[in-house]
Amino acid sequence: MVESSARGRVNLIGDHTDYTGGLVLPMVLDCRTTIEGDYTTDGRWHLESADEPEPTRFAIPDVDLTELQPRWGRYVAAVVREMHALGIPVRGFRGRVTTTIPIGSGLSSSAALEVAVARLVLAGDSIHLSDSEVAQLCRRAEHSASGVPCGIMDQLCIVAGRPGHATLIDCHSLDITHIELPDHLEVVVEFIAPRTLAGSEYADRVDETRRAEQTIGPLRTATIAEVEAIDDPLIRRRARHVVSENARVRDFVSALTAGDDAEVGRLMVESHRSLAVDFGTSTPAMDAAVDRLMATPGVIGARMTGGGFGGCVVALRRR
Ligand code: GLA
């Protein structure tokens, strides 16, 4: 019997910046997805799930992702197919998936499933890939399984993150710095509403930032003065979020390491407002949750986390 697992993640600050090569600061959570079972020699996959009524069954390389049912199996098959395309020897597998990550809540249950599958395949033949290679193949798998043009944040944090540390990722260079969370702070994650990014306005936001980049060049190096010169008011707002959010990630890391709780909290709330007003990815329920958390004794900062349109809010609270 072999076992492979991967954690969920929450993002402390830096949302909707990854797909333009910006900065993000997610961290891995304690909850995780686990696959247990045995390799087979016939190239066929058969996985049961504790949370889904139907098992997934497919064979590599013949699988047609757009036809595969149930849909959760597409994430598994897409990873296996990516690895096969890279020339990695892929055996079959028969086993079971369990997860303690709430599904569809914006804590990256799909990325955790992808990374757990990739680790399983690599362990089968003692193959080593770098963290960024694993994350990039899982990101490609997410694109083909869900159609959502996500960035690299979730997969790279899940592959490389360390418990108790935030993972500062430069999504252009893929450089990672592990930032220890101070002992006096704890991370609170509150579920607000189910969401799926497929069919949401996520892809529109990716397009809108591309349109901004066609006007002023890469947002990761753009200045606020350049953003303010964009004619289209909607595109200007989207770009303003991204450029200001990258600066907030830098300032947040400085404030966190300097022990400046007031500044840490201020930046989280400013990030939330920017996502709500300029980027249009919050909801009234998420706005209300942030206000309620900010009125809770001990909470220093709160914001929506991840792709938005539902999902979770995150807060930092003094212990
Ligand atoms: C989702 C995507 C990530 C990232 C966030 C927003 O979680 O999968 O790549 O874009 O939304 O920061």
(message) For the range 181-249 and the range 69-85, what is the centre-to-centre distance using only Cα atoms, to the nearest Å?
(response) 29
(request) Give me the Kirkwood hydrodynamic radius of the chain, using the inverse of the mean 1/r over all pairs of distinct Cα atoms, in Å to one decimal. (result) 20.0
(message) Quick check: Cα centre of the range 151-169 to Cα centre of the range 9-64, how many Å?
(response) 15
(request) Tell me which residues come under 5 Å, amide H to amide H, from G306 once H is placed; ignore anything under 5 positions away on its chain. (result) N11
(message) Counting other beta carbons within 10 Å of each residue's own, what order do C150, C157, C31 fall into, fewest first?
(response) C31, C150, C157
(request) Taking amide H positions as placed in the peptide plane 1.01 Å from N, state which residues far from V24 in sequence (5 or more) or on other chains have amide H under 5 Å from it. (result) I169, C171
(message) Among 300-312, 164-176, how do they line up by average Cβ neighbours within 10 Å per residue, starting with the highest?
(response) 300-312, 164-176
(message) Can you tell me how the range 41-80 classifies by the Cα gyration tensor, rounded, prolate or oblate, using a/c under 1.5 as the rounded cut?
(response) oblate
(request) Please name which of G43, F309, F58 has its Cα lying farthest along the dipole of the chain towards the positive end, using unit charges on Cβ (Lys, Arg +1; Asp, Glu -1) and the Cα centre as origin. (result) F309
(message) Under 8 Å for C-alpha pairs, at least 6 residues apart: give me the relative contact order for the range 85-226, rounded to a whole percent.
(response) 20
(message) Across the range 119-236, what fraction of all alpha-carbon pairs, as a whole percent, falls in each successive 10 Å bin from zero upward?
(response) 11, 27, 35, 23, 4, 0
(message) Apply the a/c threshold of 1.5 to the C-alpha gyration tensor of the range 214-319 and tell me whether it is rounded, prolate or oblate.
(response) oblate
(request) Determine ³J(HN,Hα), in whole Hz, for all residues of the range 197-214 in sequence, where each value follows from phi through the Karplus function 6.51 cos²θ - 1.76 cosθ + 1.60 and θ = phi - 60°; x replaces Gly and Pro. (result) 6, 5, x, 8, 8, 4, 5, 5, 5, 4, 4, 5, 6, 4, 5, 4, 5, 5
(message) Checking the a/c ratio against 1.5 first, then a/b against b/c, what shape does the Cα gyration tensor give for the range 71-169?
(response) rounded
(message) For a quick check: sort E201, E54 by the number of other beta carbons within 10 angstrom, fewest at the front.
(response) E54, E201
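Quick one: order V134, V148 by neighbouring beta-carbon count within 10 Å, fewest to most. All intermediate terms of the calculation are to be shown ahead of the outcome.
Values: V134 24, V148 17.
Ranked by crowding around the Cβ, least crowded first: V148, V134.
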(message) Sequence gap at least 6, Cα distance under 8 Å: using those rules, report the relative contact order of the range 162-253 to the nearest whole percent.
(response) 18
(request) Find which of I176, M153, I235 sits farthest along the positive direction of the dipole of the range 116-240, computed with +1 on the beta-carbon of Lys and Arg, -1 on that of Asp and Glu, about the Cα centre. (result) I235
(request) Measure nothing but the geometry: give the 0 to 90° angle between the long axis through the Cα atoms of 284-294 and the longest principal axis through the Cα atoms of the chain, rounded to 10°. (result) 70
(request) Given the peptides 268-281, 248-261, 215-228, arrange them by the average over their residues of other C-beta atoms within 10 Å, most packed first. (result) 268-281, 248-261, 215-228
(request) For n ≥ 4 DSSP H runs only, could you compute -39500 (n - 2.57) per run for the chain, divide by its residues and tell me the 222 nm figure to the nearest 500? (result) -12500 deg cm²/dmol
(request) Determine the dipole magnitude for the range 173-319: charges of +1 sit on the beta-carbon of Lys and Arg, -1 on that of Asp and Glu, nothing else is charged, the reference point is the Cα centre, and the result goes in debye to the nearest 20. (result) 220
(request) Send over the Kirkwood Rh of the range 182-231, from the inverse of the averaged 1/r over different Cα pairs, rounded to one decimal Å. (result) 14.3
(message) Show me the GluC sites (Glu not before Pro) within the range 1-69 that DSSP assigns to loop and that have at most 16 other Cβ atoms within 10 Å of their Cβ.
(response) E67
(message) So for the chain, averaging the separation of alpha carbon pairs under 8 Å that are six or more residues apart and normalising by length, what relative contact order in percent results?
(response) 22
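The numbers here are math on the coordinates, done by the rules we state, and not lab data. A quick note: this is a predicted structure, and the numbers were derived from the prediction, not measured. Counting neighbours? That spans all protein chains shown, and the Cβs are built from the backbone with ideal geometry, glycine included.
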